[in-house]
Amino acid sequence: GMAMSPVSTRKDGKLFWIISDNPPVNALGHGVRAGLAEAIAKGNADGGVKAIIIACEGRTFFAGADITEFGKPLQAPGLPEVCDAIEASEKPVIAAIHGTALGGGLEVALACHYRVAVPSAKLGLPEVKLGLLPGAGGTQRLPRAIGAEAALGMIVSGNPVGARAAHAAGLVDKLAEEDGLRDAAADLAKEVMDRNTHPVTSRREDKIRAAKEDPGLFDRFRKDNARMIRGLDAPEACIAAVEAAVNIPFEKGTALERELFMKLVTGDQSKAMRHVFFAERTAQKIDGLPKDTATYRVEKVGILGAGTMGGGIAMNFLTAGIPVTMVEREQAALDRGVAIMRKNYERSAAKGKFKPEHVEAAMGRLNPTLDFEALGECDLIIEAVFENMDLKKDIFSRLDQVAKPGAILASNTSYLDIDEIAAQTRRPDHVLGMHFFSPANVMKLLEVVRGKETAPAVLATAMAVGKKIGKVAVVSGVCHGFIGNRMLAARQEQANALLLEGATPWQIDDALTSFGMPMGPFQMADLAGLDIGWNPDTTSSSTVREVLCEQGRRGQKTGKGFYDYGEDRSRTPSKEVEAIIADFARKSGKTPRDFTEGEIRERLIYPMINEGAKILEEGIAQRASDIDIVWLYGYGWPAWTGGPMFWADTIGVGRVLSGLERHGKALGDDFEISPLLKTIAEDGRRFNG
Ligand code: 3H9
């Protein structure tokens, strides 16, 4: 009944307030929709009411439909009906917007006759990021409010705009003072309540006229954004719906929108992308740790090493406003590192991602020094020197000497045993791994490696720090390579074996890029440099990679590796490399054969899933969705498949098992199928619940 409704109403003279209070983000679940519909009817039925205002309590205006309701039977009223009822209200309805008016939230606002917002508010239609299109009239009303071209940009990117920009575009009618939203809404209501007519977005024609006269707009947009929308179903649906807004009547346009929405919401891509949305948030939760576990203050960060990783890691903190002391052993290395950081910032500024004055502000927070003792004042110290256990052990025992009591000591190691490193200190409870992914200032993943003795508060602090610098942090236990690189190694082993069995590097890479990965293992190797860990003094032609290095093919930086590279870094398959591989295979007694793309893909991806299952059964990852997040944000796994474990769920874990069994011996003498994977397959269950 109404008593439990998250929506309440209040009469204030001639004004009728409709207030939603549905924490945390005022999602438009069934209760809110029913409450809104009832309240609009009530306001219209009351003869004394002249204007209606919709506002929200808590941190935000409606942030969208309730995503947890998707995939379940709809409980009436649906959001499109609620929006239509708002728009059909005889009395003007004013939306009072703070926080984020997103998705269904902006659709409600668009159905209102007027919109007032505080300057800090953000407005957007992010449905595309969930594999959807706005399904409550947004694709039809937004173009009518701001024009088709601007609407395409917002709907297909899914990125919100600030209230000031929205005001300039005509999406917001009035900007309020930051703390004066309700007053401003009431003022506007009083100003308009005696007018005879009010703007009805669905009836507007003025803003879509330009697109009617320029029908080529849509194909141009498709072409210009081909890269961004590759592989995805939702963007094309968004474009088609906006095109309909321009060309056919509103009622027909909304019918098309509805049809497209239903198709997408029940499809695999949107299911996967909704999984990603919740997986990202679930990753923050640490088993056995209360949500309110106290954290340490991190106001000053130390970074040891000014190389590519150290510099990239430092930039995250500087950008977030946190001062960094960066220590190197030699002035030249320090200068080089600082110069690269500055260049990276300036490049971002040139691309418009950063204001020039922010470059100076960020660099101004950096204290580059050769003085190891300067780390003594830091709350968190991250070691980012090269991968060598003896070196790291030495560094951690020295860090333990200079770091202040309570300081957290973290290693950016990608493979090494954190417990062994922690044992070098008198504070193993204050040691953990913080593993960033290259380029560290760009990739969103942070693996937080929990040592045997890492204290809860230390773990919670590292997770909070990750969030503060805009990363998605995932907890991993200690093992060789942690979650991400351990699975990468399983894939690499198969890639190397496939080469000798007759698959070419380009076939192998293509099998992954056509799946949606940004690059394959051999493109990745060329980019990183084939000579990482290669020693010209001890090289013995024992792997294809060694032979390539011996012949001067050391990757992109030498113009050739597995591929040949042009001046513009364009990549072409190399006959020379094919000959080297064939020769190598012959010497190892292998007879090359042909492979289909499907077989290559199975050989590469199924063993990764198997490794993921082992990571789960050993308790290295807390949950399958954490593994998905690692691959999505650390390696660019395509979001529309939901990550490796969710993809396995989608195609069926049984299919993965039978594939692994079918490949049998080819997977290697040491290859073992994970007992967990086997059980899940045999029970017909899923990794992700
Ligand atoms: C849509 O609207 C479709 C319509 O066009 C058509 C309908 C017919 N539903 O992110 P946070 C939860 S599609 C359910 O940590 P922040 C979230 O899981 C929707 N739950 O906070 C988390 O739960 P927990 C279009 C939701 O301050 C908690 O709220 N809208 C929803 O960092 C806090 O979230 C979107 O895509 C939801 N819609 O960021 C917007 N939203 O605490 C999605 C959040 O248990 N939301 N939760 O882990 C966001 O982008 C961010 O949550 C927001 C706040 C920016 C609002």
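The values are calculated or read from the model by the stated rules, or taken from the named source; none is laboratory data. Model, not experiment: these values are computed from the prediction. Cβ coordinates were reconstructed from backbone atoms using ideal geometry, including for glycine residues, and neighbour counts include every protein chain displayed. Accessible surface is based on the protein model in full, side chains and every heavy atom, while ligands, DNA and RNA are left aside. Shrake-Rupley method; radii C 1.70, N 1.55, O 1.52, S 1.80 Å.
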Log10 I(q)/I(0) at q = 0.17, 0.19 Å⁻¹ for segment 257-345, from Debye over equal alpha-carbon scatterers, is -0.83, -0.89
In nm, spacing of pseudo-spin labels at R329 and K212 (7 Å Cα→C-beta vector): 7.3 nm
Between D537 and R426, Cβ-based FRET efficiency (R0 41 Å, step 0.05) works out to 0.55
Could you give the angle, 0 to 90 degrees to the nearest 10, between helix 653-663's Cα long axis and the longest principal axis of the Cα atoms of the chain? 20 degrees
If R0 = 45 Å, then E178 and R655, at their Cβ-Cβ distance, give a FRET efficiency to the nearest 0.05 of 0.25
The helix 308-319 Cα axis meets the longest alpha-carbon principal axis of the chain at an angle in degrees, between 0 and 90 and rounded to 10, of 20 degrees
So what is the 222 nm mean residue ellipticity for the chain from helices alone, if each DSSP H run of at least 4 adds -39500 (n - 2.57) and you divide by all residues, rounding to the nearest 500 deg cm²/dmol? -14000 deg cm²/dmol
In Å³ per residue, the alpha-carbon convex hull of segment 20-66 encloses 65 Å³
If you average 1/r over every pair of different alpha-carbon atoms in segment 39-97 and take one over that average, what Kirkwood value in Å do you get? 13.3 Å
The chain, dipole about Cα centre (Lys/Arg Cβ +1, Asp/Glu Cβ -1), debye to the nearest 20: 1120 debye
DSSP beta bridges in segment 409-558 [antiparallel fraction, %, rounded to 5]: 35 percent
Counting other Cβ atoms within 10 Å of each Cβ, which trypsin sites (Lys or Arg not before Pro) in segment 183-214 have at most 12 and sit in a DSSP loop? R195
Rg(Cα)/(2.2 N^0.38 Å) for segment 185-238, N = residue count: 1.86
Name the long-range amide H neighbours of C378: under 5 Å, sequence gap of 5 or more, or other chain; modelled H, no Pro or chain starts. K404
Between T295 and M389, what is the spin-label point distance in nm, taking each point 7 Å from the Cα along the Cα→C-beta axis? 3.3 nm
So, by mean Cβ neighbours within 10 angstrom, what's the order for 678-688, 33-43, 651-661 with the highest one leading? 33-43, 651-661, 678-688
From the phi angles alone, apply the Karplus equation (6.51, -1.76, 1.60; θ = phi - 60°) to segment 195-205 and give each ³J(HN,Hα) in whole Hz, x where the residue is Gly or Pro. 5, 7, 10, 9, x, 10, 4, 5, 9, 6, 10
At the level of C-alpha centres, the distance separating segment 27-82 and segment 638-689, in angstrom, is 43 Å
Segment 392-493: Rg to Rh, with Rh as the Kirkwood radius over Cα pairs: 0.97
In whole Å and largest first, what semi-axes does the C-alpha gyration tensor of segment 248-299 yield when each eigenvalue is scaled by 5 and square-rooted? 42, 14, 8
Using only the alpha carbons, work out the radius of gyration and Dmax of segment 8-126 in angstrom. 13.3, 42
For q = 0.20, 0.23 Å⁻¹, what log10 I(q)/I(0) does segment 519-620 give under the Debye formula with an equal point scatterer on each alpha carbon and no solvent? -1.11, -1.20
In whole µm²/s, the translational diffusion coefficient that Stokes-Einstein assigns to segment 207-275, given a Kirkwood hydrodynamic radius over C-alpha pairs, 4 °C and 1.567 mPa s, equals 98 µm²/s
Listed residues F261, F317 arranged by accessible area, highest first, probe 1.4 Å: F261, F317
Once the principal axes of the Cα atoms of segment 354-394 are found, what is the range along each, listed largest first in whole angstroms? 42, 22, 18
In Å, the Kirkwood estimate of hydrodynamic radius for segment 68-111 over Cα pairs equals 11.8 Å
When averaged across all projection directions, what area in nm² does the alpha-carbon convex hull of segment 304-447 cover? 8.0 nm²
Report D for segment 167-295 in µm² per second (integer): Stokes-Einstein, Kirkwood Rh on Cα pairs, 25 °C, 0.890 mPa s. 126 µm²/s
From zero up to wherever the largest Cα-Cα distance of segment 295-384 sits, split into 10 Å bins and tell me the percent of pairs in each. 18, 52, 25, 4
Restricting everything to alpha-carbon atoms, can you work out Rg to Rh for the chain with a Kirkwood hydrodynamic radius? 1.01
Which percent, to the nearest 5, of DSSP beta bridges fully inside the chain are antiparallel? 30 percent
Most to least packed among 597-606, 627-636 [average Cβ atoms within 10 Å]: 627-636, 597-606
Percent of C-alpha pairs per 10 Å bin, segment 94-176, short to long: 21, 61, 18, 0
Label point 7 Å beyond Cα of D12 along Cβ direction - residues of segment 73-100 with amide nitrogen under 20 Å: 91-100
Semi-axes of the equivalent ellipsoid for segment 169-216, Cα gyration tensor, largest first, Å: 30, 16, 6
With Cα atoms, 0 to 90° folded angle of helix 331-350 axis to the chain main axis: 30 degrees
May I have the extent of the alpha carbons of segment 94-138 along their three principal axes, as whole Å values ordered from largest to smallest? 29, 21, 8
List the extent of the Cα atoms of segment 380-423 along each of their three principal axes, largest first, rounded to whole Å. 27, 17, 15
